[in-house]
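**Q** One structure, pasted below without further comment.
Each value in this text was obtained by applying a stated rule to the coordinates, not by laboratory testing. Because the structure is a prediction, the values reported are computed rather than measured. When we count neighbours, we look across all protein chains shown, and the Cβ atoms used for this are built from the backbone with ideal geometry, even at glycine.
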Amino acid sequence: MSQEEANTMVASVFASGESRFEDHPLIHLVNKRGQSITVFVRNTTEHDAPVQDCMADVISLSNDNLEYEGIDVFLPGELILSWSGREKMAEQYGEPDETNKMGDHQTEYTYHLFGEEYGHRIRLGYGPNNLLHSIWIENWIETDQ
């Protein structure tokens, strides 16, 4: 995280006129090899707060710039970015709640997990090689429902 990102104040989730993603900071964590993870930050308090005190609203990553060194991403059920096929996803998570074709060569599978106060949406993207190539993990709270 850059110094500028660390010093960013984030408006409250309860602020009027807020847009879910447009009004919240994006943090791009990038290592020396150019591998990155993007985090959308959300403030769930009633007052502005420093970015480091806020919730990770969305975590997004893909293998677009991975060289299979320096980063390993494991999801519950032993799904591994760049290594796990769709059959492993179906075996571990069952049938997805949504399936979206993203052009001729990519399919995105979405699972919804509901809790009492919080929910999670997980989108898993698979390309023509049938391997997991993108992960989008989203948290949401009561105000979104």
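**Q** If packing is taken as the average number of other Cβ atoms within 10 Å across a peptide's residues, how do 39-48, 91-100 rank, most packed first?
**A** Put in order of decreasing packing, that is 39-48, 91-100.
**Q** At Glu108 and Ser82, where each label point lies 7 Å from the Cα along Cα→Cβ, what is the point-to-point distance in nanometres?
**A** Result for the modelled spin labels: 2.2 nm.
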